[in-house]
Structure formats: C-alpha cells, structure tokens
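**Q** Sharing a structure here in structure tokens format.
The values are calculated or read from the model by the stated rules, or taken from the named source; none is laboratory data. Quick caveat, the model's predicted, so the values are computed rather than measured. Every residue, glycine as well, gets a Cβ built from its backbone with ideal geometry; the counts of neighbours run over all protein chains shown. Note: areas computed on protein heavy atoms with side chains; ligands, DNA, RNA excluded. Shrake-Rupley method; radii C 1.70, N 1.55, O 1.52, S 1.80 Å.
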Amino acid sequence: SIYRNSEQAKKSIVKLYGVEYGEGKTYKTLDEAYRAITGYDIDSAKENFISAYNTATAEGIYTNGQTIKINIYNNALSSQLSSLEQYMQTQVDTATKGTPLEGKIKIEFKAQQSGRLESIAQGSLEAVYYSYSGNYNDPNGMLGNFTDSNQTTLIEYGFNPAEEKFSVTCDFEDGKGEQTLTDTYYNWQKSIAAGGKYSDKSNDVKLAIMSALEYNLLSNFRTLPLCVGTDLTLRSKKVTYATDNANIF
C-alpha cells in the first residue's frame, strides 16, 4: 500500500495543519479533511504574520518599517524558479496586506553553484532550494534524507537528529497494548529500516512510527514543502514495448 494513502499518514498531515473533522465540523471524515489541505488559509496566514511581527518587535529583532529579504539559493536560475519566485512573492504580499509587514518582505532566488548546502547547514544563508527524490517502495528511505547523516548531507541548521527526541504511541508488540516510547529521530527512522528493531512488526506499527517521523519533522518547519515534480514518459511509435499498466515496483 502507498504510504501517503494510509490512515496514519493522512492523520499526521491533518494534525500538522490543524484541520478538524467529525460530527459538527466542516469536514465529516478524515478523507474530507485530508483533501482540504491543498492550498492555504489566507486568514490564518495573515494572523501568523501579525503574530510574527509582534514577537519580533517585542524581542528587538525587528525594527518597524525594516525590509525583510529572503534570498533562496539554487545552483542555477531557471524560468521555473522565476515563476516560483513570482508566485511566492504574490502570496506573501496578499497575506501581509493590511498588516505591519505589508510590502516589507522581499523574496528572491539567487544562483550559487557550490557551498550553499554547507552554508545553510551552518546558518549563514536564509534558505536553499533543494529537492529529494521519493520512491513508492521506500518511503522510510525518503525520511532518511532528514535524519541520517550517513545517507545524505543534513542541511537543517540547528537540528541534530541523532540527539533530538520525540515520542510515539502505538501497540509496538502487536496485541500487548499501547505504549508511549521516546527515542531520537535517527533511531526511529532506523528502527523500521531493514534489520531494524521494528522491521518485522505489523504495518500498523511501522506506519505509526513513519507518520510520527513525518509529523515531527514538518511541525518544526525546518524544511518547507514548496512544490512537487513528476517524471513522465512520452509514448511514441519508437517505443517498442509500450504498456498502459504501470507497476510502481
């Protein structure tokens, strides 16, 4: 089964964005609430910009009227990134209209071919545009990009997945009752990989751990999902063995 379609994965995203469902709510079911996630809540966005402004001015890290520059670095510029820059700027302008930050946040994509990943990890750049390739048959490997320094360069500044911890509640022993256990991001991710502590447990146990990993990684907003890309194959007369039935494995 595809992880994204599991009940646990849907619940983690609905919880992340604070969308409620059930009797008397706007959304009656988990699936309805999950489908409503796409897009964004302009009113909540505006409230969060106001809250950020109030906190920053109170703490003396922002001066009223100051321009906030958010430079986002990639190895090269492209028409796609120009479109994304324009889209992000438009949405931020809309969300800050009527707030003390109206017209004060400027987003710009910049090119830097080398050193940007090391710089973002050290906290000396505002942001980098970075992507990971996912695989239907290895969703846990995708999460390893954020938790395992042996697998990839960890670029989230100030985050140490080998030391920072969170808790997971589930029936870890498949029938012995729920427990709440605490471990590091790294250990949780490894626990459901091949040979891991819970690798031979039921899918429910592994989905509970995986969805908790996803929720905790996203809820700290160290990394922001911006867009999704898909590779497609064009069917033509030069394709010898064509099929309309795709097997993701």
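**Q** With +1 on each Lys and Arg Cβ and -1 on each Asp and Glu Cβ, and nothing else charged, work out how big the dipole of the stretch 171-243 is about its Cα centre, in Debye to the nearest 20. Kindly include the intermediate steps, with their values, before the conclusion.
**A** On the way: 9 positive and 9 negative charges, 130 e Å.
Result for the stretch 171-243 is approximately 620 debye, rounded to the nearest 20.
**Q** Compute the long axis of helix 7-16 from its Cα atoms, compare it with the longest principal axis of the Cα atoms of the chain, and write down the angle in degrees, 0 to 90, nearest 10.
**A** 20
**Q** With a 1.4 Å probe and all protein chains left in place, how much of the accessible area of the chain comes from carbon and sulfur atoms, in whole percent? Spell out each step's value before the answer.
**A** On the way: 7640 of 16260 Å².
That fraction is 47 percent.
**Q** If you place +1 on the Cβ of every Lys and Arg, -1 on the Cβ of every Asp and Glu, and leave all else neutral, what size is the dipole of the stretch 16-146 about its Cα centre, to the nearest 20 Debye? Provide the component values of the computation, followed by the final result.
**A** Values: 10 positive and 15 negative charges, 70 e Å.
In total the dipole reaches around 340 debye.
**Q** Something else about it: Regarding the stretch 93-153, what are the three Cα extents along the principal axes, ordered largest first, in Å?
**A** 46, 28, 18
**Q** In percent, what relative contact order does the stretch 128-249 have, based on Cα pairs under 8 Å that are 6 or more apart in sequence? Spell out each step's value before the answer.
**A** On the way: 118 pairs, mean separation 25.5, N = 122.
Computed value for the stretch 128-249: 21 percent relative contact order.
**Q** Measuring with a 1.4 Å probe in the full set of protein chains, what accessible area per residue, in whole Å², belongs to the stretch 1-43?
**A** Values: 3000 Å² over 43 residues.
Dividing the accessible area of the stretch 1-43 by its residue count gives 70 Å².
**Q** Among 199-205, 186-192, 68-74, how do they line up by average Cβ neighbours within 10 Å per residue, starting with the highest?
**A** Numbers: 199-205: 14.9, 186-192: 21.6, 68-74: 16.6.
Highest-to-lowest ranking by the protection proxy: 186-192, 68-74, 199-205.
**Q** Which one, 182, 243, 133, projects farthest toward the positive side of the charge dipole computed for the stretch 91-249 from Cβ point charges (K/R +1, D/E -1)?
**A** Value: 243.
**Q** Relative to the first principal axis of the alpha-carbon coordinates of the chain, what is the inclination of helix 203-219, with its axis defined by its Cα atoms, in degrees from 0 to 90 and to the nearest 10?
**A** The helix 203-219 is inclined about 10 degrees to the chain.
**Q** While we're looking at this one, here's another question. Need the full-extension length gain, residue 226 to residue 41, defined as separation in residues times 0.36 nm minus the C-alpha distance. One decimal, nm. Let's see the in-between values first.
**A** Numbers: separation 185, 0.36 × 185 = 66.60 nm, distance 1.54 nm.
Taking 0.36 nm per residue and subtracting the Cα distance, the gain is 65.1 nm.
**Q** Compute the long axis of helix 79-96 from its Cα atoms, compare it with the longest principal axis of the Cα atoms of the chain, and write down the angle in degrees, 0 to 90, nearest 10.
**A** 70
**Q** Per DSSP H run of n ≥ 4, the term is -39500 (n - 2.57); total these for the chain, divide by its residue number, and report the mean residue ellipticity at 222 nm rounded to 500 deg cm²/dmol. Please report the intermediate quantities before stating the final value.
**A** On the way: 8 runs with 91 residues, N = 249.
It comes out at -11000 deg cm²/dmol, rounded to the nearest 500.
**Q** Based on a Kirkwood Rh over C-alpha pairs, give the Stokes-Einstein translational diffusion coefficient of the chain at 37 °C and viscosity 0.692 mPa s in µm²/s.
**A** On the way: Rh = 21.2 Å.
After rounding, the answer is 155 µm²/s.
**Q** Right, here's the next one. Using the Kirkwood radius over C-alpha pairs as Rh, can you work out the diffusion coefficient of the stretch 10-114 via Stokes-Einstein at 10 °C, viscosity 1.306 mPa s, in µm² per second? Walk me through the numbers before you get to the answer.
**A** Working: Rh = 16.3 Å.
Translational D for this selection: 97 µm²/s.
**Q** Work out the length of the dipole vector of the chain about its Cα centre, built from +1 on the beta-carbon of each Lys and Arg and -1 on the beta-carbon of each Asp and Glu, and round it to the nearest 20 debye.
**A** With Lys and Arg at +1 and Asp and Glu at -1, about 680 debye.
**Q** Moving on to the next point. Chymotrypsin sites (Phe, Trp or Tyr not before Pro), restricted to the stretch 83-155: which are DSSP loop and have at most 14 other Cβ atoms within 10 Å?
**A** Numbers: sites: 87, 109, 129, 130, 132, 136, 146; in loops: 129, 130, 132, 136.
When the chymotrypsin sites (Phe, Trp or Tyr not before Pro) of the stretch 83-155 are filtered for loop state and at most 14 Cβ neighbours within 10 Å, 132, 136 remain.
**Q** Right, something else. Taking the solvent-accessible surface of protein heavy atoms with a 1.4 Å probe, what is the per residue accessible area of the stretch 49-153 in Å²? Provide the component values of the computation, followed by the final result.
**A** Numbers: 6130 Å² over 105 residues.
It amounts to 58 Å² per residue over the stretch 49-153.
**Q** Largest first and to the nearest Å, give the Cα extent of the stretch 112-242 along each principal axis.
**A** Cα spread of the stretch 112-242 along its principal axes, largest to smallest: 56, 49, 24 Å.
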